[in-house]
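K.L.:
I'd like to ask you about the structure that follows.
The values are calculated or read from the model by the stated rules, or taken from the named source; none is laboratory data. Please read these numbers as outputs of a predicted model, since none were measured by experiment. Cβ atoms come from the backbone with ideal geometry, glycine included; neighbour counts cover every protein chain shown. What goes into the accessible areas is simple: the full protein's heavy atoms, side chains included, and nothing from ligands, DNA or RNA. Shrake-Rupley method; radii C 1.70, N 1.55, O 1.52, S 1.80 Å.
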Amino acid sequence: MLAYIIRRVIYAIPILIGVNLITFALFFVVNKPDDMARMQLGFKHVQQADIDKWKQAHGYDKPLFYNRAPTEGNAFTDTVFFVKSVRLFAFDFGNADDGRNITQDISERMWPSLAIAIPVFIVSLLLNITFALIIAFFRASYVDYMGVVTCVILMSISSLFYIIGGQYLISKLLHLVPISGYSADLDTATKFLILPVIIGIVGGIGAGTRWYRTIFLEEISKDYVRTARAKGLSERLVLFRHVLKNALVPILTGVVAVIPLLFMGSLILESFFGIPGLGSYTIDAIRSQDFAIVRAMVFLGSVLYIIGLILTDISYTMVDPRIRLGVR
Amino acid sequence: MSTTKPNLILFSIIFIVIALVSPLEEFWQIKFVPLWTDLLIYVLVVAVLLFGIQVRHKEHLRVPWRHVLQRPLAMSALVVLGVYVLIGLMDSLHFRQALEKQQGQTETQYSGDVLSLFDVLATPIRVQQEKSYSAPFSAFLYAKETIETPEGQVRDYPRLQYGGRHLKIPAQDRIPNLVMALFLSFVATLLILLVVFVVVVFFVAHHYKTAFGDTMDAIVGGKTGIPFRAMLITFSVICFLVVVVVMLADKYHILGTDKVGNDVLYLSLKSIRTGLVIGTLTTLIMLPFAIMLGIMAGHYRGWIDDVIQYIYTTLNSIPGVLLIAAAILSLQVYLANNPEMFDTVTERADLRLLFLCLILGLTSWTGLCRLLRGETFKVSQLDYIQAATAFGTGHVKTMSRHILPNITHIVLIAIVLDFSGLVLAEAVLSYVGVGVDPTTISWGNMINSARLEMARDPVVWWSLVAAFVFMFTLVLAANLFSDAVRDAFDPRITRSK
Amino acid sequence: MIATKQTQNKHKAKIDHQAPLLEVNNLKTWFDSRDQIVRAVDGVNFSIKKGETFALLGESGCGKSMTSLSLMRLVPEPAGRIVSGSVKLNGVDLLQLTELKMQKMRGNHIAMIFQEPMTSLNPVLTIGKQIEETVTRHKKMGGYSAKKRVLELLDAVGIPDPKQRYDEYPHQLSGGMKQRVMIAIALAGEPALLVADEPTTALDVTIQLQVLELLRKLQNDTGMAILLITHDLGVVAEMADRVAVMYAGQIVEHADRQSFFSNPQHPYSKKLFDSVPAMAKREHSLAVIRGSVPALSQQFKGCRFEPRCDYAWDICRCQVPAWQLLDDGQGVLCHLLDPRYASQAPDVKKQIAPVIRKQSANHAGALLQVDGLKVHFPVTKGLFKRTVGFVKAVDDVSLVIPKGKTLALVGESGCGKTTVGKGILQLVKPTAGCVVLDGAQLNRLKHREMRAKRRDVQVIFQDPFSSMNPRMMIADIIEEGMLAQRVGGDARQRQQRIDQLLGQVGLAPEAKTRYPHEFSGGQRQRICIARALAVEPKLIICDEPTSALDVSVQAQILNLLKDLQDSLGLAYLFITHNLSVVEYLAHEIAVMYLGRIVEQGTVEEVIHNPLHPYTKALLSAVPTIVPDADRQVIRLRGEMPSATQPPIGCHFNPRCANARQICRNGYPEALKISDNHRVRCFLYKE
C-alpha cells in the first residue's frame, strides 16, 4: 500500500512539471515581463524606468531561464523561472502584487472555503443519491419520467440565477438572512453560511440526481440483479443491498476525486456572498490581474487534483474486492 | 463508393458560394466582412449537412435518429433550437453597407459599422436607443429627472424618446392599445397556423402516401410516428410570440431598456449568436484533437499511449477556470500591447470570442479523449480488427475505416451533451471576467452588468430576467434534445426494468 | 472415480403417475420491439411431475429462456409481458399471485440458475453472504444457524473447504465453482422445482460433466424436480426423464427420453438428430435445415416449421397443425401424424438422401510446419514495468499440416489453443520457435514481407457478431482483403469476384449492399468465409467457427468447409473444444493442455485409441445421444490450473488418476506410438 502511494507520488512529478511549464509559458513567454509591467502601470506615458522599477519591485527583473551575470547565487537559480516557478514545488508561493504573502493568505482563506464546500458536498451527495434511488425504484413509470424532466429543468438553470434568485428571494424579500458577509465566529457564521450552502446544494441537484440515476439503471440491468430477484428478495432489498453496493464503485470513485478540490472553494458562490475564501481570492486575483496568485492557485489546483487521483485509486480497492493495488 | 459523394457536394457548395459573393455584393450595395467565427460557423453548417446526407445512407445512424425523431419532447425542443439557430445564422452574415455617393465620388465608400443580416432586420429595436433604464412596455424612463415644461421645471419621469411615443396619454391608452395588439396577434397567429397546418398535412400525406383526411386525423390525434402535433403546438407558441414582437417592437421596448438605453430584447436576441458560437465552435475546435489522440492512444498503445495520457492528465489537472483565466489574461495583455492588429472593435471582439472557444476546447477535449481511448481499446479487441490485421491492412486504414465509424456515437453524444454546459459556462466566465469581450453582446455580460442593479430599489429586474429566460430556453431545449440523442445512441442505457 | 451413469437413475421409476408439480397452460409472453409485437412464447403447455427432470430443448431464439423467466415472473418489464396462460405450482397459479406473494415463492418453492455464472453473482458480496441471504429470507434462520446451513450447502454442492470459501468473493472462484455457488443459492430454499437455464453451456466439457452429476446427485437427495433448458441433445440424453422440443415460441414435440431418442416424430426433431456431426457421418454431408427461424412478429397461418420442412405440403401452409397424442404419451404438433391428413403426405424419402463425399486421398507435402512455438506474455509490475514472471500461454508446440488437410487443435478454454492460432498468424509475436508456411519462415519476415505473405493464411473467428465491422457493407468487407493484398484486378473485376465468392458460400449477390446485422449468425459466418477466401489463401485458421451457432446451422458451415476443402484444396487448422465436430471434420488431432500438446495423431487413432489420461477423460466427458451402457465416464478432479503458475512436473498430474511420483518431477517427452501418433505421458514407454 505504502509502496503504491509512493509510486503514485513519483508518477505525479512529471505532471506537475508539465503544469509548471504550461503556466510559465503562458505568463512569461507569450508576454514578456515588460508587457506585464506596462499593463499594470497603464499604457500611456510609461517610461522604461518605471517599468524597470516595477519589475524590480516584483522580482521580474531577472533573465527568464539563464542568468549570464549572476550577481549573487547560481546562474540557474537566479532567474525568473527558478524563483517564480520552481519554488512552487516547495509550496513557496511568494508574494502577491500587493506585497502580501500568498502562502499565508491561502492558509487563512482555506477555512471559509471549507465551511461552505464541506456541507454542500456531504448534503448534496446524500440528497442526490436518495433522489436517484427513489427515481430508480419507480423506473419506467411516471415518477421516473417526471423526475428526469425535473432534473433536466433544474440543470438548465444557470448557477448565477440560483444565486441571484436565492439572494433576492431569501434575503431581500423575506429578510431571513443577510445578503452577504462572513464572520469567523461560529454562531454568527451560521447565518451567513446557510444561504450559500443551500444554494450550492439546490444548484447541483439536477445534474447529480440524473448522473446517479444513470449509474443505478446501468447496474439494475445486470445479471446479478436477476439472480437476486430469483432468490425472492424484495425490490427494496435488491435495490439497497445489491444495486447500491455495486453502484458505490463508480459513485465513490467519482466522488473521492473531487474531495481534495473542495479546498479550492467555489468561485462564484464565495464571490457573490462575500465570503473570504479561496474562490473569491482567485476571482479577485483574476480581476486585478495578479499573476502571482493565479499561478499559485493553478499549481495548488493541480496538486489537489493529483491527490484526488491517488485517493480514487485507493478508494477503488476499498469498495471493489476485485481490484487490488498495483495489480492490473 | 460512399465517401466520394459528400466530397463532391462540399466542393460544389464552396464553388457556388464563391461564385455568388461578388454579384451579391454588387446587387445589395454591401461589402461582406467575414469574421473568423462566421467562417467557422459556415464550415460547421456544411459539416452538419454532410453528416445529414451520410445519415440517410447509413442504416446504423438512421435507426437511432429515427428514435430521436419519434420523441415529442425532443422534437419540440428541436423546433425551439431551430428558431435559435435561425437567428444565430442570420446574425452570422456580416457586412458593411455602402454609404450614399457624394458628389464627384467614383469609388463606393462603405460604412465603418459592421452589421449583420439580423441587425438589418431588427433595425427598429437596434436604433431606437433611450437615455437610460426603462421598464418593459413603459412609456417613461425609470428614474425621475428634472424636466423643462412650459410651466417651469418639474421633477418627474420623463417620456421616452421611442417607447410608447404613439400614445397620447400613456396611463389611459396603453392597456387598450396592448390588448388590441395582442388580439390582432392572436388572429394573425391563427391564420398563419392554419396555412402551416394545411401545408404540413399536405406534405405528410404526400410523403407517406396517405389520404389527406386520415393524415389530418392522425396529426390532430397525435398518432403520427414523428410527433407533428407536439411540434405544431411548440411552433404555434413561438409563432405567437414572434407576431407579438413584430407588431409591438417598434412601438414599445418590450423587455425594457438597459443602463445606456439599449433595447433589452435586441441585446437578448444578439446574445443568441454568442451562446451558439461558444456551444458549437468549442466542440468543433476540440473534436479533431480528441478524436485523433484518443484513437491513436487506444490503437497504438505503448509509448504513444503514455505520451497522450500524460498530455491530457497534465491539462486536466489544471483547474479549468484558472487555465482559461490564465490564457485569457495573457491574451488581454497581448492584445493591449498590440492594438494595431485590428481595424474594427468588432473584429477584435470576434478574435477574443474565437480564442475563448479555443481555450475552452483545450480544457474540455481531455474528457472525450479519455472516453475515446477506452472505447478504442474495447473495439481493438474485437475480431474484425484482428481480421483486418490478418489481411495486412495498415494502421491508418484500420483506424479510419474500422475504429472511427464504431466510436462516432460517443462523439455525437459528447457534442450534444457539451453544448448546454458550454452555454452556461459562458455566463459564469463572463461574470468572473475571463469570458467574452466586454463589447460583445452576451447573456453573461448582460447578467454581469445588471446584477449590480439588484441592489436598487425598486429593482431593475428585466435585464436579468430576459437574459435568464433566453438562456434557460436554449439550454433546456438543448438538454432535452441531447437526452433523446443519448438514449438513442448509448448502447449502455436500457429502457426497460 | 469410474461409474456408469445408469445406476443413478434408480429412484426415477417411482415417480410416474403422480399429480403434476408444475402445470403450464397456454403461456404467452410477448415483447414490444420497435412498433411490433414479438411473440416470444406463444401458447406453451407442459407439466412436470415431482422429482423428475424435464428438458426443454430448442435452438436460440425459440423462446425457451423466456419460458423459464415467465415461470419465475422475471420477464424484463415493461418491454415484455405475460399475456395469458397459467403456471400452476402445486395447484397455485403463480401468474395470479401478487408480487409480494410471488417473492415468497421465488427461491423458496421455485428456484433458478442461469447460463452465465460469471455475471450472475454479485461481485461485491461474499459468496457466503449471497447464499445466506436466501436462507434467512425463506428459512427464518439467522446468525449462527444460518451460517451453519450455508456451510452445509457449500459442502453439498462440492465446494472444497467451505469455511474459507464463505468469505471469498465471486472473482476468486472459477466458472465451475461459481455455477456450484449458484446451485447452492438455488438449493437454499429447498425448492420443489429447480429451473436450470442452460446451466453448463458456458462451461468446459469436463466441468459440465461435474455440474450435471452434481445436479443429478442433489435431485436424488432432495427429490426436487428440474426443468432443464438446453440446446444440447447430449445433455438431454444424459439428464432428462422427459423432453419437450420448442420451435418458434411453441412446443412441437414432447416425449419421454426413451421414445424421443429412439423415435423422434416431428420433422424438426429428426433434422436435429441428423445434423449432429459424428465420426460415422464423415463420408456424408450433414443434414441441414434450410432457411432460418421465422420472425416471431408475424401471425402464422400454417405450421411454423413449414418453410423449412422437407415433408411440407399444401395443408401445412394454410392450416395450423393440432396436437397429436400417440399411444405412449408422445405428442407431436405436425400434420404428418394427423390421421386426417397423413395419407396425403408426399413421399420425400429420395430428396433428403445425404450426398456421399469422395475422400481425397492425396498425400501432399507439409504446408505449415510449426516447431517449438512458444508464446509467453510477460507479467509486469512496478514503476518501470519490471517483468516478474511469464504466462506461458503456448509452451513448445510443434505441429504439421499437409496441403488440403485438416488438423484439429482440441482443448478446453484457457489451454492456449487460440494463442497458437494467433502465433501462426503473427497477430501475437512468438517468443520462440519457428512457423514455416510454404517455405517461408513467418516469424523471421520483415513487416512489409509479412504483409504480402498474409495472403496465404487467413482466419475465421468464433463470434460471427464481432468478426465483421458493423459499419461496413458486405461488399466492402469482402473487398478489404483484396485491396490490402492488391489482388482481384480492377474495381469491376473485384465486384465480379465478390459475386462469385458470395455464390461459393451460398449467398445471393444482393447481399453485397447490405450490412452485417441484417444476417443471421450462420449467414455471417459464411460471409466471413467468403472474406477469407477472397485472397485465395492456402491455409485457413478456423478458431471455433461453429461454437456460437446452433447445431443445424453448424451443419451448414461444416458442410461448406468440407466442400471448399475438396474443391479448392484448402488446409485448415481447426481450433475447437467440440469433439464431435472434430470427429466429423478433421484428419488429424492435437490435444492441448495448459500450453502444450499432450497427444496427437490421426483422428482414428486418437478417437478410438486415446492414450493420454486427459484425452480419455475429455472423450468420455462428452455427452452422447446414443445410449451406451458400456460407456465409462472418467471424472476429473478440479479444474485446469492457471498458466501463470502451472503445476510442477506433468501439468496434468494434480488431476490425473494415474499420477505417480515421476509425474511430479518432470514433464514427459513426446513418445512415438506410430507414424503419426505421439503422446506425452509417463504411462507409456517405448
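K.L.:
Sort out which residues of the stretch B:368-388 are within 11 Å of chain C (Cβ to nearest Cβ), of a type outside the set (A, V, I, L, M, F, W, C) and surrounded by fewer than 22 Cβ atoms within 10 Å (Cβ to Cβ), and write them in order of number.
P.N.:
B:Lys378, B:Gln381, B:Asp383, B:Gln386
K.L.:
Just checking, does the stretch A:187-203 include any residue being under 27 Å from B:Phe481 (Cβ atoms) and modelled with pLDDT of 90 or more?
P.N.:
Yes: the stretch A:187-203 contains one or more residues that are under 27 Å from B:Phe481 (Cβ atoms) and modelled with pLDDT of 90 or more.
K.L.:
Need the failing condition index for A:Phe291 against (1) in contact with a helix residue (DSSP H, G or I) (Cβ under 6 Å, 6 or more places away or on another chain); (2) closer than 30 Å to A:Ile194 by Cα; (3) within 13 Å of chain B (Cβ to nearest Cβ), just the number.
P.N.:
(2)
K.L.:
Next question. Residue by residue through the stretch B:163-221, note down the ones that are among the β-branched types (Val, Ile, Thr) and either surrounded by 13 or more Cβ atoms within 10 Å (Cβ to Cβ) or touching a Lys or Arg at 6+ places or on another chain (Cβ under 6 Å) (or both).
P.N.:
B:Thr189, B:Ile192, B:Val196, B:Val200, B:Val201, B:Val204, B:Thr210, B:Thr215, B:Ile219, B:Val220
K.L.:
Select from the stretch C:412-452 the residues that are hydroxyl-bearing (Ser, Thr, Tyr) and in contact (Cβ under 8 Å) with a residue 60 or more places away in the chain and write down the one among them that is nearest to the other protein chains (Cβ to nearest Cβ).
P.N.:
In this case the residue turns out to be C:Thr418.
K.L.:
Kindly indicate the residue of the stretch B:151-162 that is of a type outside the set (Asp, Glu) and more than 22 Å from B:Val245 (Cα to Cα) and also most open to solvent (accessible area, probe 1.4 Å) among those meeting that condition.
P.N.:
Only one residue fits best here, namely B:Arg155.
K.L.:
A follow-up question, please. Looking only at the stretch B:292-351, count every residue that is closer than 30 Å to B:Ser442 by Cβ and of a type in the set (D, E, K, R) and tell me the total.
P.N.:
Residues flagged as closer than 30 Å to B:Ser442 by Cβ and of a type in the set (D, E, K, R) within the stretch B:292-351 amount to 5.
K.L.:
Could you go through the stretch B:222-230 and let me know if any residue there is in a helix (DSSP H, G or I), open to solvent by 30 Å² or more (accessible area, probe 1.4 Å) and either at pLDDT 90 or above or closer than 30 Å to B:Val198 by Cα (or both).
P.N.:
yes
K.L.:
Now a separate question. Please find, within the stretch C:105-124, the residue that is surrounded by the most Cβ atoms within 10 Å (Cβ to Cβ) out of those that are more than 7 Å from chain A (Cβ to nearest Cβ) and farther than 20 Å from C:Leu89 by Cβ.
P.N.:
Once the filter is applied, the top-ranked residue is C:Pro117.
K.L.:
Pull up the stretch C:133-146, narrow it to residues that are in contact (Cβ under 8 Å) with a residue 24 or more places away in the chain and more than 7 Å from chain A (Cβ to nearest Cβ), then point me to the one that is farthest from C:Ser60 (Cα to Cα).
P.N.:
Going through the qualifying residues, I end up with C:Lys139.
K.L.:
Moving on. Answer yes or no as to whether C:Val487 is part of a loop (DSSP other than H, G, I, E, B), open to solvent by less than 50 Å² (accessible area, probe 1.4 Å) and modelled with pLDDT of 90 or more.
P.N.:
In short, no.
K.L.:
Which ones in the stretch B:408-459 are open to solvent by 20 Å² or more (accessible area, probe 1.4 Å), modelled with pLDDT of 90 or more and not in a helix (DSSP H, G or I)?
P.N.:
Selection gives B:Ile441 alone.
K.L.:
So, one more: For residues in the stretch C:452-483 being hydrophobic (A, V, I, L, M, F, W, C) and modelled with pLDDT under 90, which is nearest to the chain's Cα centre (by Cα)?
P.N.:
Top of the filtered list is C:Phe465.
K.L.:
Oh, and also: Can you pull out every residue in the stretch C:253-276 that is more than 15 Å from C:Glu306 (Cα to Cα) and either of a type in the set (A, V, I, L, M) or part of a helix (DSSP H, G or I) (or both)?
P.N.:
Within the stretch C:253-276, C:Ala255, C:Arg257, C:Gln258, C:Ser259, C:Phe260, C:Phe261, C:Ser262, C:Leu272, C:Phe273, C:Asp274, C:Ser275, C:Val276 meet the criteria.
K.L.:
Among the helices (runs of 4 or more DSSP H) contained in the stretch A:221-328, which hold 2 or more residues that are surrounded by fewer than 19 Cβ atoms within 10 Å (Cβ to Cβ)?
P.N.:
A:244-258, A:278-287, A:291-319
K.L.:
Going through C:Leu573, C:Leu560, C:Leu533, C:Leu585 one at a time, which residue ends up being touching a Phe, Trp or Tyr at 6+ places or on another chain (Cβ under 8 Å) and either modelled with pLDDT of 90 or more or surrounded by 24 or more Cβ atoms within 10 Å (Cβ to Cβ) (or both)?
P.N.:
C:Leu585
K.L.:
When you look at C:Pro402, is it out of contact with any Lys or Arg (no Cβ under 6 Å at 6 or more places or on another chain), within 8 Å of chain B (Cβ to nearest Cβ) and open to solvent by 20 Å² or more (accessible area, probe 1.4 Å), yes or no?
P.N.:
Criteria not met by C:Pro402.
K.L.:
Further question: Taking the options C:Arg455, C:Arg471, name whichever one is farther than 18 Å from C:Gly522 by Cα, part of a loop (DSSP other than H, G, I, E, B), facing another protein chain (nearest Cβ under 9 Å) and basic (Lys, Arg).
P.N.:
The conditions single out C:Arg471.
K.L.:
Could you identify the single residue in A:Ala257, A:Ala285, A:Ala230 that is at the interface with another protein chain (Cβ under 7 Å from one of its Cβ atoms) and at negative phi?
P.N.:
Of the residues listed, the single one that is at the interface with another protein chain (Cβ under 7 Å from one of its Cβ atoms) and at negative phi is A:Ala230.
K.L.:
Within the stretch A:147-168, take every residue that is within 8 Å of chain B (Cβ to nearest Cβ) and over 24 Å from the mean Cα position of the chain (by Cα) and give me the one that is modelled with the lowest pLDDT.
P.N.:
Ranking the candidates gives A:Tyr168 first.
K.L.:
Can you tell me which of A:Ile215, A:Ile205 is open to solvent by less than 20 Å² (accessible area, probe 1.4 Å) and more than 7 Å from every other protein chain (Cβ to nearest Cβ)?
P.N.:
A:Ile215
K.L.:
Among the residues of the stretch C:428-459, what is the count of those that are closer than 26 Å to C:Pro378 by Cα and aliphatic (A, V, I, L, M)?
P.N.:
8
K.L.:
Of the residues in the stretch C:125-151, how many are in a helix (DSSP H, G or I), open to solvent by 10 Å² or more (accessible area, probe 1.4 Å) and of a type in the set (Ser, Thr, Tyr)?
P.N.:
So the count comes out to 3.
K.L.:
Something else now. Pairs, please: C-beta under 7 Å, at least 6 apart or cross-chain, first residue without any contact (Cβ under 8 Å) to a residue 40 or more places away in the chain and in the stretch A:1-22, second polar (S, T, N, Q) and surrounded by 11 or more Cβ atoms within 10 Å (Cβ to Cβ)?
P.N.:
From the stretch A:1-22, the pairs are A:Gly18/B:Thr314.
K.L.:
Can you give me the number of residues within the stretch C:167-190 that are outside any helix (DSSP H, G or I) and open to solvent by less than 10 Å² (accessible area, probe 1.4 Å)?
P.N.:
Matching residues across the stretch C:167-190 total 1.
K.L.:
For B:Ser236, indicate whether it is modelled with pLDDT of 90 or more, within 30 Å of B:Trp365 (Cα to Cα) and under 27 Å from the mean Cα position of the chain (by Cα).
P.N.:
No: the conditions fail for B:Ser236.
K.L.:
Still on this structure, I have one more. Enumerate the helices (runs of 4 or more DSSP H) found wholly within the stretch B:1-93, keeping only those where 2 or more residues are of a type in the set (Asp, Glu).
P.N.:
Passing ranges, in order: B:4-28.
K.L.:
If the requirement is being open to solvent by 50 Å² or more (accessible area, probe 1.4 Å), in contact (Cβ under 8 Å) with a residue 24 or more places away in the chain and closer than 28 Å to B:Gly279 by Cβ, which of these qualifies: B:Val85, B:Val114, B:Val120?
P.N.:
The conditions single out B:Val85.
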